[in-house]
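The values are calculated or read from the model by the stated rules, or taken from the named source; none is laboratory data. Because the structure is a prediction, the values reported are computed rather than measured. Backbone-built Cβ (ideal geometry, glycine too); neighbour counts: all protein chains shown.
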Amino acid sequence: MTDVQQMQPAWLAGAWKETAKSFPVVSPFSGEVVANVADCGEQEARLAADQACQAFSEWRGQTAFARAELLERWYQAMLAHDQEIARLMAQEMGKPVSEGLGEVRYAASFLRWFAEEAKRVAGEFLPSQSARKRLWILKQPVGPVYAITPWNFPAAMVTRKVAPALAAGCSVILKPAEESPLTALYLARLWAEVGGLPAAFQVLPASDPAPLSRVLMADSRIRKLTFTGSTEVGLMLYQEAAKTLKRVSLELGGGAPVLVFDDADLDAALSGVLTAKFRNVGQSCVAANRIYVQRDIYAAFSKRYAELAEQLKVGDPLRPETQIGPLVSRQAVDKVKRHLEDALDRGATLLTGGRTEGLTVWPTVLADVPREALAVSEETFGPLAPLIPFGSEEEAVQLANRGQAGLAAYVWTRDLRRTLLTSEALEFGIVGVNDGVPSTANAPFGGVKFSGLGREGGHEGIAEYLETKFVSIDLP
Ligand code: SIN
């Protein structure tokens, strides 16, 4: 980490630029200021938009193979600096370094996947009804992109958006979350070091995203918005995007249900549901939010689940053994506490946890949580696991499909019929069957209902950044 007094500049217009103001990035574990970062506003947004348009003409003109090679070099650079990136994440948003190292590999895998996908973007020649005509379908980049990323995966959410955009030939202006701009700026440094076209990727940190977003959302030259964050903000941005008819990808709130059936491999279910809940201290859009367990195995599951949660190592995210670090903010801690108190008031039983210190919340497991409790009906985004018994398969699916969100759902079963039928019936974009971490660069990630629009990752991920052009040729 550099001198905290010195401003960390923005990566703007192909250069490191200081701004009139800066804002502090504060460690949620120690409360110390870890850096002061350039604070971008309207002026920087206008410059970035001009530069993104210029860079777009140049970047799209490079061959897919040249773009792929740069992404591959960026991938190698990320892996070579995994320790530095993991430490930055631990400092700025509290992710334990052991987990951060895993995130670096996950984040880098988007660079490699989309480097490969860049070379597979192809059009078609269609047969025509007329012997004289040829029908040509072309895929072309949509144009300059505005990307807004969250703090919970400071590296992976950047690469999941930026890699497909750059692979497709788009330029990108990134506004990282105000809590975690350092990782994004570090990625920009690596982009410059590996020889990436400087202004094809710009990083504009901002303490208040509103002025910057106003400019970029109103600019009709910015052709695409991609956002990961809350449903509330996503809906506002969707309305704004309509005014300039931008393409949109929205990855919004989750509140994932888990269904553990009585035929499940209990050991596998316990370990999988533990990861699905406590990965990133529950701060993930796909985190298990409400855990439904079939009545026959409910008592055994609850007891062992609480024992496992109690064994998770809580502490300083910079220590290698830590599994549970702090939450990102006081607001996040207050929400967990509110959900805990509400569940207890409604008659739930505390099996373990409930303790908080600073912004750290110990893994908390609640049994017999009423179905109306806030911890069930709202997304907690923290280390609180509400366990709820259910009877039949039909009831389980009906409980899981309750509510507006539809990002991820999980099922534990060894029954093939149940695997197929529940996967089909669950109204979610992602279903993990006996799998607590289904996210991967080569598969589509995204939700239905109020969880968003579009997909990231997989073949679908790059399609979000491509337009289709139809050329009809009448031969002389
Ligand atoms: C998210 O929380 O949006 C990302 C989680 C993941 O990629 O698994």
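Are there any strands (runs of 3 or more DSSP E) wholly within segment 77-173 with 2 or more residues that are within 16 Å of the ligand (Cβ to nearest atom) and of a type in the set (Gly, Ala, Ser), and if so which?
Counting at least 2 such residues, we get no strands (runs of 3 or more DSSP E) at all.
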Scanning segment 290-304 residue by residue, those surrounded by 24 or more Cβ atoms within 10 Å (Cβ to Cβ) and farther than 30 Å from PRO150 by Cα turn out to be VAL293, PHE301
Segment 367-447: strands (runs of 3 or more DSSP E) wholly inside it with 2 or more residues that are within 16 Å of the ligand (Cβ to nearest atom) and in contact with a strand residue (DSSP E or B) (Cβ under 9 Å, 6 or more places away or on another chain) are 408-412, 430-433
- Determine, yes or no, whether PHE381 is at pLDDT 95 or above and on the phi > 0 side of the Ramachandran plot. yes
Of LEU266, LEU270, the only residue that is of a type outside the set (Ser, Thr, Tyr), surrounded by fewer than 24 Cβ atoms within 10 Å (Cβ to Cβ), within 17 Å of LEU384 (Cα to Cα) and in contact (Cβ under 8 Å) with a residue 12 or more places away in the chain is LEU270
Item to complete: Would you check if GLY353 is surrounded by fewer than 22 Cβ atoms within 10 Å (Cβ to Cβ) and more than 16 Å from the ligand (Cβ to nearest atom)?
Response: no
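In segment 9-27, which residues are assigned to a strand (DSSP E or B) and of a type in the set (Gly, Ala, Ser)?
Matches in segment 9-27: ALA10, ALA15, SER22.
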Residue set GLU321, GLU307, GLU341; condition at pLDDT 95 or above, surrounded by fewer than 16 Cβ atoms within 10 Å (Cβ to Cβ) and closer than 22 Å to GLY100 by Cβ; output residue GLU321
Expected single match for touching a residue at least 40 places away in the same chain (Cβ under 8 Å) and assigned by TED's automatic domain parsing to the domain that holds ALA147 among ARG279, ARG247 is ARG247
Only one of (1) within 15 Å of the ligand (Cβ to nearest atom); (2) not charged (D, E, K, R); (3) not in a loop (DSSP other than H, G, I, E, B) does not apply to PHE470, and that is (1)
When (1) away from the ligand (no atom under 16 Å from the Cβ); (2) over 30 Å from ARG371 (Cα atoms) are applied to THR226, the one that fails is (1)
The lone condition LYS313 fails out of (1) touching a residue at least 12 places away in the same chain (Cβ under 8 Å); (2) more than 16 Å from the ligand (Cβ to nearest atom) is (1)
Picking from GLY347, GLY353, GLY391, GLY382, the residue that is among the small types (Gly, Ala, Ser) and in contact with a Phe, Trp or Tyr (Cβ under 6 Å, 6 or more places away or on another chain) would be GLY353
Taking segment 273-289 and the residues there that are crowded, with 24+ Cβ neighbours inside 10 Å and part of a loop (DSSP other than H, G, I, E, B), the one that is farthest from the ligand (Cβ to nearest atom) would be ALA287
Flagged pairs (Cβ under 9 angstrom, 6 or more apart or on separate chains; first in segment 153-170, closer than 11 Å to ALA118 by Cβ; second modelled with pLDDT under 95 and of a type outside the set (A, V, I, L, M)) are none
Among the residues of segment 184-198, is there at least one that is part of a helix (DSSP H, G or I), at pLDDT 95 or above, hydroxyl-bearing (Ser, Thr, Tyr) and buried (at least 24 other Cβ atoms within 10 Å of the Cβ)?
no
Scanning segment 22-36 residue by residue, the ones that are closer than 19 Å to LEU212 by Cα and in contact (Cβ under 8 Å) with a residue 24 or more places away in the chain total 3
Looking across segment 290-309 at residues that are part of a helix (DSSP H, G or I) and hydroxyl-bearing (Ser, Thr, Tyr), the single one that is nearest to the ligand (Cβ to nearest atom) is TYR305
